[in-house]
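No value in this document is a laboratory result; all are computed from the given coordinates. Model, not experiment: these values are computed from the prediction. No Cβ is skipped: glycine too gets one built from the backbone with ideal geometry, and neighbour counts run over all protein chains shown.
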């Protein structure tokens, strides 16, 4: 008899499980080895608590009532539950806190390989360490994790979440126009972006071109110079922030893994400052991401800066597999 | 353009840049644009039934326009060209839309039978129009955004047939010259959106093969601006 399971979920059988477990262990060993203690939180939380962390993208696609009539939700990532955990369990602890996890999260995506509705994330949270030092530590752990997974060609994109918010404020763009421009930037719809920008009253063609050109800047350190050439106080501040982080990365010897990318914009509402994305040339999808969320913890009553990353475990596994077959072909 | 920058060393590109090229109405415009951008497309112009045309630095992969977002999203093709109509219909496919290429211009319209008020009548007396289309999501969004209730009927073949023999009150379809509509006694009632060919890129290719993608974008921009 065939008994169905919901779309976007899947069973894992022993051969795959064995490989996944090896990957689990390798990653957690990297995290633990660097002082990040593993935690576990419930897959279901009160909807109200999760929404506190991420009001804008208001979160969970899976919500339901319990027997008392309380509204529960399945978590859509681990950052918000860990912010809750830190504020609740470590309110008086001496910062910084170093925590890691390997857990399932849930999103109503269109199911495809490496993009399931129930998916595993492996990641860390560094709470109470400000930029640029905290960011650099997180990126260093990320490079170690990628190495441990055998993905030595993987690249980390580094951008700044506040760049466009501040740039648009500087240009006097607000309200709906601002939101829809940010949306175009997040999906990288450049044709739509240009059209939206042209519609903003008082925006000169030059300012328009600056915004579009900025979102295309990606590469090494020289990108920061090019960005400064485009001008503006917001650009100046963002490039200074990225520059400091980059220097801290150079000091730790991991800057060669990082590509500066001023077009990076993640759609999660809680990011501020540095944002990260991870790519491997063997896979067309992003392997993971992260960044700083210096104002997330205060929403839970613990006013500490924080940063972290999460890798999509299944995608890392697929990338391992692709890299392996690529090596075999050579 | 082979500027060595920090951080790109690890992202060694795997083989030639794969470009998804749409067969059908957009094919000749696409090959012309690629030619003007300095890519040799002569192999793809012949009578060959091959699907892949390897070239120097780039490889052309031909496919149905509606498959382009699928291949590009998955990274099986690094970049591609397809119509805005396809991108609108498959808006949940995560691809970067980098450039409006300007050719292949046509309109997405709502059309009904000439001199026939069935569209309005159904709306008024039955509270709901029946619309046949190959673009169910575009159609649904349009009617939702304009506050009207419709039953969207997805068909695969000639959409014009549907209102003629009573399957639907009207159609939502792509119109270039309007001749097909005219020959079938149909007329445009509303224009929904104008569509042209677009240059799209895979998210990871856009990051990791940025030099190649940027160079091609720039050349295509110059080629199609003329």
For this session: Please sort A:165-178, B:41-54 by packing, taking for each peptide the average over its residues of neighbouring beta carbons within 10 angstrom, highest first.
Result: A:165-178, B:41-54
Exercise. Averaged over peptide B:92-98, how many Cβ atoms belonging to another chain are found within 10 Å of each residue's Cβ?
Worked result: 5
Seminar exercise, completed: Residues of region A:119-146 with backbone N under 18 Å of the label point set 7 Å from the Cα of residue A:90 along Cα→Cβ are A:122-131, A:133-142
Exercise. Listed highest first by mean packing, meaning other Cβ atoms within 10 Å per residue, what order do B:88-97, A:289-298 come in?
Worked result: A:289-298, B:88-97
For this session: Between residue A:225 and residue B:56, take the C-beta separation as r, use R0 = 25 Å, and let me know the FRET efficiency to the nearest 0.05.
Result: 0.15
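Can you bin region A:180-316 into rounded, prolate or oblate? Criterion: square roots of the alpha carbon gyration tensor eigenvalues sorted a ≥ b ≥ c, rounded for a/c under 1.5, prolate for a/b above b/c, oblate for the rest.
Judged from the Cα gyration tensor, region A:180-316 comes out rounded (a/c under 1.5).
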For this session: Return the percentage of antiparallel bridges among DSSP beta bridges fully within chain A, rounded to the nearest 5 %.
Result: 90
Exercise. If you take the square roots of the eigenvalues of the alpha-carbon gyration tensor of region A:1-118 and sort them as a ≥ b ≥ c, do you get rounded (a/c under 1.5), prolate (a/b over b/c) or oblate?
Worked result: oblate
Exercise. If one takes the longest principal axis of the Cα atoms in chain A, at what angle in degrees, from 0 to 90 and to the nearest 10, does the Cα axis of helix A:14-33 lie?
Worked result: 60
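Taking the DSSP beta bridges in region B:106-194 as the whole, what percent of them are antiparallel, to the nearest 5?
Numbers: 12 of 20 bridges.
If we restrict to bridges inside region B:106-194, about 60 percent are antiparallel.
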Problem set entry | Largest to smallest principal axis extent of the C-alpha atoms in region B:169-211, angstrom | 51, 19, 12
Problem set entry | Hydrodynamic radius by Kirkwood, which averages 1/r over all alpha carbon pairs of region B:106-194, in angstrom | 12.7
For this session: Rank these for me by crowding, A:198, B:63, B:129, going from fewest to most other beta carbons within 10 Å.
Result: A:198, B:63, B:129
For this session: With a ≥ b ≥ c taken as the square roots of the eigenvalues of the C-alpha gyration tensor of chain A, please select rounded if a/c is under 1.5 and otherwise prolate if a/b is larger than b/c or oblate if it is not?
Result: rounded
Exercise. Just counting partner chain Cβ atoms within 10 Å, what average do the residues of peptide B:194-205 show around their Cβ?
Worked result: 3
Exercise. When the gyration tensor of the protein assembly as shown is built from Cα positions, what are the square roots of 5 times its three eigenvalues, in whole Å, from largest to smallest?
Worked result: 41, 29, 25
Exercise. So for region A:1-154: antiparallel DSSP bridges make up what percent, rounded to the nearest 5?
Worked result: 90
Exercise. If one takes the longest principal axis of the Cα atoms in chain A, at what angle in degrees, from 0 to 90 and to the nearest 10, does the Cα axis of helix A:313-329 lie?
Worked result: 90
For this session: Report, in degrees rounded to the nearest 10, the 0 to 90 angle that the Cα long axis of helix B:136-145 makes with the longest principal axis of chain B.
Result: 60
